[in-house]
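The values are calculated or read from the model by the stated rules, or taken from the named source; none is laboratory data. Predicted model, so just to flag it, every value in this text is computed and none were measured. FYI the Cβ positions are ideal-geometry reconstructions off the backbone, even for glycines, and counts take in every protein chain you see. Protein only, heavy atoms only, side chains kept; ligands, DNA and RNA dropped before computing areas. Shrake-Rupley method; radii C 1.70, N 1.55, O 1.52, S 1.80 Å.
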Amino acid sequence: MVGILLSIVPSFQLSAQGVLNQFSYDNLRLSGIQLDVGPLGASELKGTIAGGLRLDYGFIAPHIRVLLGLSYFRSEFDNNARTRFQNRIRALVNDPDSNFTVNVGRIFWSDLTGDLDLQYVIPQGRGVTTYAGLGLSLHLRNGSGPAINGTFVEDALDELNAGLNATVGAEFNLSRAWRFTLDGRGVVSSGLSTVSLRSGIMYRFGGKAAR
């Protein structure tokens, strides 16, 4: 048994080393710029529109490219979330008679997101490229509303959180350099999770194709 294990370990080490050798920073350079926009749905919030900017930084390994992104959306708390929020505030008030009401009015939440994605790219031929990816994101959120501005309620909604991203999408060649993109994105983070479907336009420097 020991002999079998000793014979397996070197081959496993060589295999792992071969995989790691495929990763290289040599090809990382700005190769495309994308603008996108589309509908977004979120837990706690009403549906809205999100917009973003993405920078394609090339391939770190065969078929695996690196993208940096910046996106923004602003939406209003839905009725259920606002009611739960008012009830939490009500629970903080010490009033034996409980004959008071809490009305926070309309509450808005904005999210400025920076993200880093690794996408596995699969050229389909005939000018179509599909991809799927995972990544990390950083969310700078700001709460606002006529009744909460300048209060502890607004302070509680202003936060910085990390998140996990998953993407799936496709690029369609319009010309040598221009691409039409269709992208589905899901984000899970503390306090808020979102899904969005965005379409956009990408410009590729030198018209470089995915590989």
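A few comments on the model shown:
- Boolean, GLU154 is in contact with a Gly (Cβ under 6 Å, 6 or more places away or on another chain) and farther than 15 Å from GLY133 by Cα: yes
- Restricting attention to the stretch 141-171 and to residues that are modelled with pLDDT of 90 or more and under 12 Å from GLY191 (Cα atoms), the residue that is surrounded by the fewest Cβ atoms within 10 Å (Cβ to Cβ) turns out to be LEU160.
- The residues of the stretch 172-211 that are β-branched (Val, Ile, Thr), within 27 Å of ALA61 (Cβ to Cβ) and surrounded by 15 or more Cβ atoms within 10 Å (Cβ to Cβ), listed by number, are THR181, VAL187.
- Among the candidates ASN103, ASN80, ASN94, residue that is in a helix (DSSP H, G or I) and either of a type in the set (S, T, N, Q) or modelled with pLDDT of 90 or more (or both): ASN80
- The stretch 48-59: number of residues that are open to solvent by less than 30 Å² (accessible area, probe 1.4 Å) and more than 18 Å from VAL187 (Cβ to Cβ): 3
- Cβ-Cβ distances below 6 Å connect the following pairs, each with a first residue in the stretch 161-180 that is outside any strand (DSSP E or B), a second residue that is hydrophobic (A, V, I, L, M, F, W, C), and a separation of six or more residues or different chains: LEU174/PHE180.
- Restricting the first member to the stretch 185-200 and to residues that are modelled with pLDDT under 95, and the second to residues that are outside any strand (DSSP E or B), the beta-carbon pairs closer than 8 Å and six or more apart or on different chains are GLY191/GLU44; LEU192/SER43; LEU192/GLU44; SER193/SER43.
- Within the stretch 57-72, tally of residues that are in contact with a Phe, Trp or Tyr (Cβ under 9 Å, 6 or more places away or on another chain) and assigned to a strand (DSSP E or B): 7
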